[in-house]
Amino acid sequence: MRRNYWRWLIPILVLAALAGWVIWPNNPGIHVGSIDRAIELVRGLDLQGGLQVLLEADLPADTVITSEQMQTARDIIENRVNALGVVEPLVQVAGSRRIVVELPGIDNPEEAVATIQETGLLEFIDMSTVSDTVVYALVGQTVQTDFGQTEAQAAAPTATAEAGAPTPTPAAGDIPAAPVFHTVMTGAGLKEAGATSSQTTGEFEVAFVLTDEGKQTFGEYTSAHVGQILGIVLDKVLISAPRISVAITEGQGVITGSFTRESANGLAVQLRYGSLPIPLKVVESSTVGPTLGEDSLRKSAVAGVIGLAVVMIFMAIYYRLPGVLADLALLMYATVTLALFKLIPVTLTLPGVAGFVLSIGVAVDANVLIFERMKEELRAGRTVYQAIDTGFSRAWPSIRDSNLSTLITCAILFWFGSTFGASIVKGFSLTLALGVLVSLFTAITVTRTFLHVVLDGIRAAESPRLFGA
């Protein structure tokens, strides 16, 4: 029983019209109700210029760094660069100790580097070994902690006073030689923090929630140090010194003090986004000029247009009318793929453009297999309708297997790019994979519909030149 392919034609044309609207250069974007989104083609660092920064863990080589710590640090760095207003920044882990940050279109590289360098290592330190006077004098000052020290450094004598020993009160402005404080817990043990107001006193305070590991560590420490001061250190600067009023064993608590709404919120933000589990340092930064990016984009666009035109001319000459119909499907393929790049959005890099151009050849490959099968069926005396359906059914296993192998390769390349910070490989694999998926749709659905709608009423025996047979 013949299928009615005309019913597929209207949805295909509607899809083509929507895709054309999305890729239109002066697209106004979507502004409906609460949805307010501009639809733009997002260009990567190599196409519009910007800043690339390489961060590395600032810890001794023998210090074990877990993948969870690196991922947490990546997330926090991403939150910081998002505050710069950069469109589609790329922040990814590279190896076991490095993070790559790419900021396309950045206007002030110095400010960006300064923001990233604020590595925000958060530490909760034991300050029970010094007097209250020393603690209050150190607030806002740089302090030394034992976090990240080697065993030899940790064993070296320091100026830390012994627990329980009386500490002489320093004269005004006279602070003892810098003690080294023990780090009870880093920001890795903090899950979330926020500014609230006390239900009993109405004063502002900072509420926090700990991870399971942080809950155990904090519970043990606060149980043994009730009434003593716990220092909160960000980037080795003592930002707060609250007193432990009760043991915190439930994994959540509050930091009280003379807070205003602004200061409480400020401390909460520092706790939330400054809680890097490891210190990081900038080992390399480079600026890409926009001139190179614009020139590369122009040449890539010209190459893409030439490649598409050559393929379409070949299909029209060699396969005649079916080739022309395949060209229409190929134009729809290019339109839908570019629309997806803008809607997802995909950060388009120069290798990404190469992946898109390569996928044009993949899209044509399916049509070539189908049309060769069609020509064989027409030579065997079958009708056009039978030749189209048989050509598609017999070519499908080859199309499926070849495209599946390409998608598997793209997945491997994407994983490689994500794991080792090779964003070039990642962009190439993503655009190629999207192109392959769209090409499957256009070859199997769009081309087949066009062929049936136009060719079902034509006798191949009477018009062999139309089929190139």
Lys and Arg at +1, Asp and Glu at -1: add these up for the other residues within a Cβ distance under 15 Å of Pro25 and post the number.
+2
Per-residue ³J(HN,Hα) for the range 372-381, Karplus 6.51 cos²θ - 1.76 cosθ + 1.60, θ = phi - 60°, Hz, x for Gly and Pro:
5, 5, 4, 4, 5, 5, 5, 5, 7, x
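Compute the length gained on full extension between Ala247 and Thr200: take 0.36 nm times their separation in residues and subtract their Cα-Cα distance, giving the result in nm to one decimal. Provide the component values of the computation, followed by the final result.
Numbers: separation 47, 0.36 × 47 = 16.92 nm, distance 1.96 nm.
Using 0.36 nm per residue and subtracting the Cα-Cα distance, I get 15.0 nm.
Fully extended, how many nm does the chain gain between Glu110 and Asn265 (0.36 nm per residue separation, minus their Cα-Cα distance)? Present the calculation step by step, with values, prior to reporting the outcome.
On the way: separation 155, 0.36 × 155 = 55.80 nm, distance 2.69 nm.
Full extension from Glu110 to Asn265 adds 53.1 nm.
Past 27 Å, Cα to Cα: identify those pairs from Lys299/Lys342; Lys215/Lys236; Lys281/Lys342; Lys299/Lys426; Lys342/Lys375, in the order given.
Details: Lys299/Lys342 20 Å; Lys215/Lys236 23 Å; Lys281/Lys342 34 Å; Lys299/Lys426 21 Å; Lys342/Lys375 38 Å.
From Lys299/Lys342; Lys215/Lys236; Lys281/Lys342; Lys299/Lys426; Lys342/Lys375, over 27 Å: Lys281/Lys342; Lys342/Lys375.
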Charges only on Cβ, +1 for Lys and Arg, -1 for Asp and Glu: so what's the dipole of the range 233-358 about the Cα centre, in debye to the nearest 20?
80
How long are the semi-axes of the equivalent ellipsoid of the range 189-254, defined as square roots of 5 times the Cα gyration tensor eigenvalues? Whole Å, largest first.
18, 15, 14
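A short reminder: the numbers here are calculations on the coordinates, not readings from a lab. What you see is a predicted model; the values in this text were computed from it and never measured. Neighbour counts run over all protein chains shown; Cβ positions are idealised from the backbone, glycine included.
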